[in-house]
């Protein structure tokens, strides 16, 4: 495999992190050594700043507008653009983005500039979810149903259901409507791996907080489609006031 190639010119609005594999490759003159023709690889430009929060399969407004109904949360499901309508630019990082704080410190604090959203502080300030201290977000460990902290909540679950046995009987958990993912963050110290999911809704993209903290997470919603996991992929499915009507369609 040849790895000898010329890189296209990089402008002020280009990135050096990826190349456009769909761009035509233009043969250049044969090198002085008489080797194979060299090719120029064009680069993806950076998208406009207005697209900093853009997620192609969740912000596809054209397809969302054509939905016959959104009463059951269909707009929060994935609606990926057609192959010929994909992005031809890279979504930019937030202004002032820094290297993430490493785990385990990231469980308790992340840089504000990396996830510059404050609505959760306004909406959930009394539930001990998240606070802003100078240039960082702090996570006290609380949640809607466990304002006194995830650790205490996990202890209570263990007392009520001893067979849950976090770290032995229970090793893989799905947390639905995860908020800032404190439930999953504190389970990591109990040898439990949690996938935290939440929709991209009026509370901005909560999943960004989870990922910035170092917790496995994905933007997803339980609406009209199943997630792409088998029925026994998780030992426990946790829903703390996630407002999902589990029996709406006649079955769990």
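Tabulated values for the structure
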quantity: Region 203-217: number of residues that are over 15 Å from residue 242 (Cβ atoms) and not in a helix (DSSP H, G or I); calculated: 5
quantity: Residue in region 156-172 that is part of a helix (DSSP H, G or I), touching a helix residue (DSSP H, G or I) at 6+ places or on another chain (Cβ under 8 Å) and under 16 Å from residue 237 (Cβ atoms) present; calculated: yes
quantity: Number of the exception - residue 98 against (1) within 20 Å of residue 176 (Cβ to Cβ); (2) in contact with a helix residue (DSSP H, G or I) (Cβ under 8 Å, 6 or more places away or on another chain); calculated: (1)
quantity: Number of the condition not met by residue 54 [criteria: (1) surrounded by fewer than 15 Cβ atoms within 10 Å (Cβ to Cβ); (2) in contact (Cβ under 8 Å) with a residue 12 or more places away in the chain; (3) within 19 Å of the chain's Cα centre (by Cα)]; calculated: (1)
quantity: Hey, residue 232 over 20 Å from residue 103 (Cβ atoms) and either crowded, with 23+ Cβ neighbours inside 10 Å or in the same structural domain as residue 109 (by TED's automatic domain parsing) (or both) or not; calculated: yes
quantity: Residue match in region 219-241 (condition: at pLDDT 90 or above and within 21 Å of residue 93 (Cα to Cα)); calculated: yes
quantity: The one condition in (1) more than 17 Å from residue 188 (Cβ to Cβ); (2) surrounded by 18 or more Cβ atoms within 10 Å (Cβ to Cβ); (3) in contact with a helix residue (DSSP H, G or I) (Cβ under 7 Å, 6 or more places away or on another chain) that residue 128 fails to fulfil; calculated: (3)
quantity: Condition met for residue 146 (crowded, with 18+ Cβ neighbours inside 10 Å and touching a helix residue (DSSP H, G or I) at 6+ places or on another chain (Cβ under 7 Å)); calculated: yes
quantity: Condition check for residue 75: surrounded by 12 or more Cβ atoms within 10 Å (Cβ to Cβ) and within 15 Å of residue 213 (Cβ to Cβ); calculated: no
quantity: Subset tally (residues that are more than 20 Å from residue 139 (Cβ to Cβ) and without any contact (Cβ under 8 Å) to a residue 24 or more places away in the chain) for region 156-205; calculated: 8
quantity: Unmet criterion (only one of (1) closer than 29 Å to residue 121 by Cβ; (2) surrounded by fewer than 15 Cβ atoms within 10 Å (Cβ to Cβ); (3) in contact with a helix residue (DSSP H, G or I) (Cβ under 9 Å, 6 or more places away or on another chain)) for residue 224; calculated: (1)
quantity: Pair list, Cβ under 8 Å, 6 or more apart: region 66-83 residue touching a residue at least 24 places away in the same chain (Cβ under 8 Å), other residue surrounded by 10 or more Cβ atoms within 10 Å (Cβ to Cβ) and part of a helix (DSSP H, G or I); calculated: 81/62; 81/63
quantity: Flag if residue 241 is closer than 30 Å to residue 52 by Cα, free of Cβ contacts under 8 Å to residues at least 12 places away in the same chain and assigned to a loop (DSSP other than H, G, I, E, B); calculated: no
quantity: Residue in region 185-193 that is in a loop (DSSP other than H, G, I, E, B), modelled with pLDDT of 90 or more and closer than 20 Å to residue 55 by Cα present; calculated: no
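The values are calculated or read from the model by the stated rules, or taken from the named source; none is laboratory data. Nothing here was measured: the structure is a model prediction, and the numbers come from that model. Reconstructed Cβ throughout: ideal geometry from the backbone, glycine too, with neighbour counts over all protein chains shown.
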